Amino acid sequence: GRHLGTSRCIYGVVEGDRITIPRDYTDGCRSIVGSYALSELGPSVEQACRSGQGPLVIRDVGRELPPSEAERYRSGQVEALVAYALVREGSWRAVMAVHQSRPRDWTAGEVALLQEVAERCWSTIEQRSVEARLKQQQTLLRIAGKAARLGGWSLDLPSQRVIWSDEVSSMHELPPGTTLSLDEALSYCAPEQDRKSVV
């Protein structure tokens, strides 16, 4: 927002028929943090964002939007805007937008910058979401392993070291993260036929 000298910069997450703006940057205009129905964007802006056809650039809402939609934006202190919608697998997921409280002739460089920042934000959010889901799955797997007394192991072929899961280490009364040589690990398999099935 500061770099572009905009009145407002927002990032919104779209879920169903609503958009939630958790925070925004403002300079000389009010915050619009909150949750809104997508229909409040107006048909022109909503349709353009849903299409995912690239940045929506409006240099003067009074000239480029129908009067009722223009008035809605003016009441929110928006006379010009650029919005970049993130559409993935046909679903509108998020939007980044900059607003100006006066008409503005956005440059191609400014539009490209907004698009790049939006893509980077989305990549970061997606990565954190994947990491959170993975952590949750690991926690559930650990709980299930303890309850069922199940564990796992892997063998690093070059070093011939066996890495045990925490549950396998616990079953053998060894500290978590124990690594053993293949021969040491096999010594915990009592019957000879069990050792053959492992090797």
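Some values worked out for this structure:
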item	result
Per-pair calculated FRET efficiency, R0 = 25 Å: LEU182 and LEU134 via Cβ, rounded to 0.05	0.30
The range 1-123: relative contact order in percent, alpha carbon pairs under 8 Å with at least 6 residues between	26
Nearest-0.05 FRET efficiency for GLU89 and ARG59, computed from C-beta distance (R0 41 Å)	0.85
Length released on extending from ASP156 to SER31, taking residue separation times 0.36 nm less the Cα-Cα span	39.5 nm
Exposure rank, largest accessible area first [ARG8, ARG2, ARG120; 1.4 Å]	ARG2, ARG120, ARG8
Extension gain (nm, one decimal) between ASP105 and VAL13, 0.36 nm per residue minus Cα-Cα	30.4 nm
With all protein chains modelled, accessible area of ASP27 [1.4 Å, Å²]	90
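The values are calculated or read from the model by the stated rules, or taken from the named source; none is laboratory data. Everything quoted here is computed from the prediction, not taken from an experiment. Note that each Cβ is placed from the backbone with ideal geometry, even for glycine, and that neighbours are counted across all protein chains shown. Accessible surface areas use protein heavy atoms only, side chains included; no ligands, DNA or RNA. Shrake-Rupley method; radii C 1.70, N 1.55, O 1.52, S 1.80 Å.
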